[in-house]
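Asker: One structure, as structure tokens, below. Some questions next.
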Amino acid sequence: MRHPVLQAAVDDVRDAFPGHEVTDDDLSDGSVWVTIKDLRLSDGWSPSAIDLSVKVPITFPSSPPYPYYAAAGLTWNGGQCPALQSVEIEGTKRTQISLLKPYDPDVETLGGRLVAVRHWMRSQ
Amino acid sequence: VRWRAVIGSSDMQKLLRSLLRADFDEHAAFLFAGVSRGASTSRLLVREVWPVADGEFIASDRGAYRQVTPRAVVRAVRHAEETDTCVIWAHSHPGSGNHAGFSADDLASNARAHPMLMELTGDKPVGALVFGERAVAGEIWTPDAKPAPLELMRVLGPNLTDWRPTPNGDGLFDDRRARQILLFGEAGQVRLRELTVVIVGVGGGGSVLLQQLVHLGVGTIILIDHDRVSRSNLSRIVGATAADVGRLKVDVAYDHARRIDPDVKVVAIAGDITYVDDAMTVKDADFAFLATDTASARHAYDVVCHQYMIPGIQIGAKATPDADGDVEVHVMNRAVMLGEPCLHCANCIPADELRREQQTAEERRAQAYVDDPGVEEPSVITLNTVAAGMAVTEFMVVATGLAQEPSGHHAYYPLDHELRRRTVLRREKCQYCGTVNQLSSAARGDLWPLQLKPGASPGLSHTTSHAPWWRRLVDWCSRASRG
């Protein structure tokens, strides 16, 4: 059974991204893999739309949501962006998006954090 | 199954103020509680107290003195449903002093009302309490058993205080502890004997905690640790010898405790409280010490202590060289008490450290973190001994009723010869120690899932308990034959 705190976080992501499909998969360690489908980015990104994922740990919100992932091959202006790394997680090649800043659960939610990630990507 | 109730001292004061007034009349209140079910003892964990207004505790139409109005009952049931708690209703018998008990009318009223209340609250337990000035009696109804009497109500404050139907007259004089009884009396020694205390982590700090608790005469001690003794541990694990290298720390600690006093019951669990099943083995303890230094263990300890209302103390000793080559040394004691800020509020659980510990090795590598088991911080037995000695002293005064003030957080700086008290503020919306947040786990007990890794720690299921040597030998042979 998924913990109510994590379920509330998933519900919050759905509220923050109306009109987008949001998938949520439980992992064996109690964490949840959340993906927002088909997020449009600004010009310069290739591809121009991504599925944005984050693993929400069982200790959320005491441990912050980080890092974020898109499918392998995401690039900015055809070149390297310091915040992007190619990684392989659980047998799948992905692009890791490393945007780390302190997370305050009193004023921030998971949905809000993912909106901020999208905003950063669109503002590049 | 014996039933107990646990309540914070501020809620208890609120309850007593509403029940035992100068008018010397009967008054009533509702309590809303989480539940912790145990094999031998179950506990009701009081989260909230609602005094019943005088206008809603009216003359009875069924022959009893007074009754709570149906409107007030419905409101309480609705609140219990919204907060996923069970309902306990309490009233007072002024003038009954230190002997409390239900009248025949009270018992008849319980028999009429409680089956309906259980049905309305989703088959959760329902309790009734009756208070004298210094005593409480209770009756707990559950769908699967006959009504059971409340054994005691524990008040968590600067001291652990037990309220019972009648004074506890059990005496115990053990001449091996005659000198300490001069400090806290026979009643204090009896109290220590009645308690179950958990030590999470029996390395350098935990082994000293254990040694002192056994000498004090604590009745039952549960040890939990999944680690094994290494050669570099021998400088600070009390009771460990070179022959113990490679053994589970809990087994070494168990043997040491048995040598000191075989009458103390010790349960040794090779486990990890960051997993739900392992954490559940400590949920019925009366007090818990934490003596490990990972963020995950601190998080788990904090969650379990507040969800199951277990007071405790986290100990730690740190000696950290800085960039200039100077060493910052301090010893920390942090009380985890109801109504006080939790370890999360005190910022004792670094978020990034906790996150890294939750990640797989593959994820850590992808984020360019270096897993270097060779990097070790200084660790010295004298620092562990100071931390453990302070913590067990705090426990002793709290358990035997000598404490004058809440414990709080303390840091000792040996290089400056200074002991400092640290002030910590509680976050109102804290998910672990607050009750304002709808998702708070505080005092919910079994009615809320533990927010820890599911299942048991992989490959660990070994338990050593208070068994004769020949039984342990048989167990050992059995394990050895299984490889």
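The values are calculated or read from the model by the stated rules, or taken from the named source; none is laboratory data. Small disclaimer: the values here were computed from a predicted structure and weren't measured. Methodologically, a virtual Cβ is constructed for each residue, glycine included, from the backbone with ideal geometry; neighbour enumeration extends over all protein chains shown. Quick note on the areas: whole protein, heavy atoms, side chains included, nothing else; ligands and nucleic acids left out. Shrake-Rupley method; radii C 1.70, N 1.55, O 1.52, S 1.80 Å.
Asker: Across the range B:258-305, what is the total count of residues that are more than 14 Å from chain A (Cβ to nearest Cβ) and in a loop (DSSP other than H, G, I, E, B)?
Answerer: Looking only at that region, the number is 13.
Asker: A further question on this structure: Go through the range A:1-25 and count every residue that is under 19 Å from A:ALA116 (Cβ atoms), in a loop (DSSP other than H, G, I, E, B) and open to solvent by 40 Å² or more (accessible area, probe 1.4 Å).
Answerer: The number of residues fulfilling the criteria is 3.
Residues checked against (1) touching a Ser or Thr at 6+ places or on another chain (Cβ under 9 Å); (2) more than 26 Å from A:PRO105 (Cα to Cα); (3) surrounded by 24 or more Cβ atoms within 10 Å (Cβ to Cβ):
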| position | (1), (2), (3) |
| --- | --- |
| B:THR320 | no, yes, no |
| B:ASP326 | no, yes, no |
| B:VAL331 | no, yes, yes |
| B:GLY339 | yes, no, no |
| B:LEU354 | yes, no, no |
| B:GLU357 | yes, no, no |
| B:VAL380 | yes, yes, no |
| B:THR393 | no, yes, no |
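Asker: A further question follows. Which one of B:TYR275, B:TYR308 is open to solvent by less than 30 Å² (accessible area, probe 1.4 Å) and at pLDDT 95 or above?
Answerer: When all the criteria are applied, what remains is B:TYR308.
Asker: Sticking with this structure for a sec: In the range B:398-437, how many residues are of a type in the set (A, V, I, L, M, F, W, C) and crowded, with 19+ Cβ neighbours inside 10 Å?
Answerer: First, pick out the residues of the range B:398-437 that are of a type in the set (A, V, I, L, M, F, W, C): B:398-399, B:402-403, B:411, B:415, B:419, B:424-425, B:430, B:433, B:436.
Pick out the ones that are also crowded, with 19+ Cβ neighbours inside 10 Å and you get B:398-399, B:430, B:433.
Final tally of qualifying residues: 4.
Asker: Just to be sure, is B:ARG43 under 32 Å from the mean Cα position of the chain (by Cα) and more than 29 Å from B:ARG2 (Cβ to Cβ)?
Answerer: Details: under 32 Å from the mean Cα position of the chain (by Cα): yes; more than 29 Å from B:ARG2 (Cβ to Cβ): no.
Considered against the rule, which asks whether it is under 32 Å from the mean Cα position of the chain (by Cα) and more than 29 Å from B:ARG2 (Cβ to Cβ), B:ARG43 comes out as no.
Asker: So is B:GLY138 under 26 Å from the mean Cα position of the chain (by Cα) and under 20 Å from B:ALA72 (Cα atoms) or not?
Answerer: Taking the combined requirement at face value, the residue does not satisfy it.
Asker: Among the residues of the range A:1-48, write down those that are within 24 Å of A:GLN124 (Cβ to Cβ), modelled with pLDDT of 95 or more and among the small types (Gly, Ala, Ser).
Answerer: A:ALA16
Asker: Do we find that B:GLU119 is in contact with a Leu (Cβ under 8 Å, 6 or more places away or on another chain) and surrounded by fewer than 18 Cβ atoms within 10 Å (Cβ to Cβ) in this structure?
Answerer: Considered against the rule, which asks whether it is in contact with a Leu (Cβ under 8 Å, 6 or more places away or on another chain) and surrounded by fewer than 18 Cβ atoms within 10 Å (Cβ to Cβ), B:GLU119 comes out as no.
Asker: Looking at the range A:71-85, which of its residues are open to solvent by 60 Å² or more (accessible area, probe 1.4 Å) and in contact (Cβ under 8 Å) with a residue 24 or more places away in the chain?
Answerer: A:ALA71, A:ASN77, A:GLY78
Asker: Further question: Would you call A:GLU90 among the acidic types (Asp, Glu) and open to solvent by 50 Å² or more (accessible area, probe 1.4 Å)?
Answerer: It is true that A:GLU90 is among the acidic types (Asp, Glu) and open to solvent by 50 Å² or more (accessible area, probe 1.4 Å).
Asker: Report yes if some residue within the range B:436-447 is farther than 22 Å from B:PHE395 by Cβ and not in a loop (DSSP other than H, G, I, E, B); otherwise report no.
Answerer: Yes - at least one qualifying residue is present in the range B:436-447.
Asker: Kindly indicate whether A:ILE50 is part of a strand (DSSP E or B) and either on the phi < 0 side of the Ramachandran plot or without any contact (Cβ under 8 Å) to a residue 12 or more places away in the chain (or both).
Answerer: So A:ILE50 passes the test.
Asker: If you don't mind, there's one more thing I want to ask. Confirm whether A:GLY73 is away from chain B (no Cβ under 14 Å), within 14 Å of A:ILE97 (Cα to Cα) and not in a strand (DSSP E or B).
Answerer: Considered against the rule, which asks whether it is away from chain B (no Cβ under 14 Å), within 14 Å of A:ILE97 (Cα to Cα) and not in a strand (DSSP E or B), A:GLY73 comes out as yes.
Asker: Does B:GLU119 satisfy the condition of being in contact with a Pro (Cβ under 9 Å, 6 or more places away or on another chain) and not hydrophobic (A, V, I, L, M, F, W, C)?
Answerer: yes
Asker: Which one of B:ALA113, B:ALA104, B:ALA108 is of a type in the set (A, V, I, L, M) and open to solvent by less than 40 Å² (accessible area, probe 1.4 Å)?
Answerer: B:ALA113
Asker: Shifting gears a bit: Can you work out which of the residues in the range B:42-62 that are in contact with a Lys or Arg (Cβ under 9 Å, 6 or more places away or on another chain) and open to solvent by less than 20 Å² (accessible area, probe 1.4 Å) is nearest to B:MET309 (Cα to Cα)?
Answerer: B:LEU45
Asker: Of the numbered conditions (1) open to solvent by less than 40 Å² (accessible area, probe 1.4 Å); (2) touching a helix residue (DSSP H, G or I) at 6+ places or on another chain (Cβ under 9 Å), B:ARG154 fails exactly one; give the number of that condition.
Answerer: Single failed check for B:ARG154: (2).
Asker: Sort through A:SER28, A:SER62 and tell me the only one that's without any contact (Cβ under 8 Å) to a residue 12 or more places away in the chain and open to solvent by 10 Å² or more (accessible area, probe 1.4 Å). Show your work before the answer.
Answerer: Numbers: A:SER62 fails: without any contact (Cβ under 8 Å) to a residue 12 or more places away in the chain.
Matching residue, one of A:SER28, A:SER62: A:SER28.
Asker: Can you go through B:ALA90, B:ALA80 and tell me which one is modelled with pLDDT of 90 or more, within 29 Å of the chain's Cα centre (by Cα) and not in a strand (DSSP E or B)?
Answerer: B:ALA80
Asker: Here is a follow-up. Does any residue in the range A:86-115 that is within 10 Å of chain B (Cβ to nearest Cβ) come within less than 8 Å, Cβ to Cβ, of a residue that is part of a loop (DSSP other than H, G, I, E, B) and basic (Lys, Arg) six or more places away or on a different chain, and which pairs are these?
Answerer: Once the first residue is within 10 Å of chain B (Cβ to nearest Cβ) and sits in the range A:86-115, its partners that are part of a loop (DSSP other than H, G, I, E, B) and basic (Lys, Arg) give A:ASP106/B:ARG427; A:ASP106/B:LYS429.
Asker: Inspect all residues belonging to the range B:245-257 and state whether any of them is more than 16 Å from the chain's Cα centre (by Cα), aromatic (Phe, Trp, Tyr) and open to solvent by less than 10 Å² (accessible area, probe 1.4 Å).
Answerer: Yes, the range B:245-257 contains a residue that is more than 16 Å from the chain's Cα centre (by Cα), aromatic (Phe, Trp, Tyr) and open to solvent by less than 10 Å² (accessible area, probe 1.4 Å).
Asker: Out of (1) closer than 24 Å to B:SER18 by Cβ; (2) open to solvent by 60 Å² or more (accessible area, probe 1.4 Å), what's the single condition that is false for B:ASP144?
Answerer: Of (1) closer than 24 Å to B:SER18 by Cβ; (2) open to solvent by 60 Å² or more (accessible area, probe 1.4 Å), only one is false for B:ASP144: (1).
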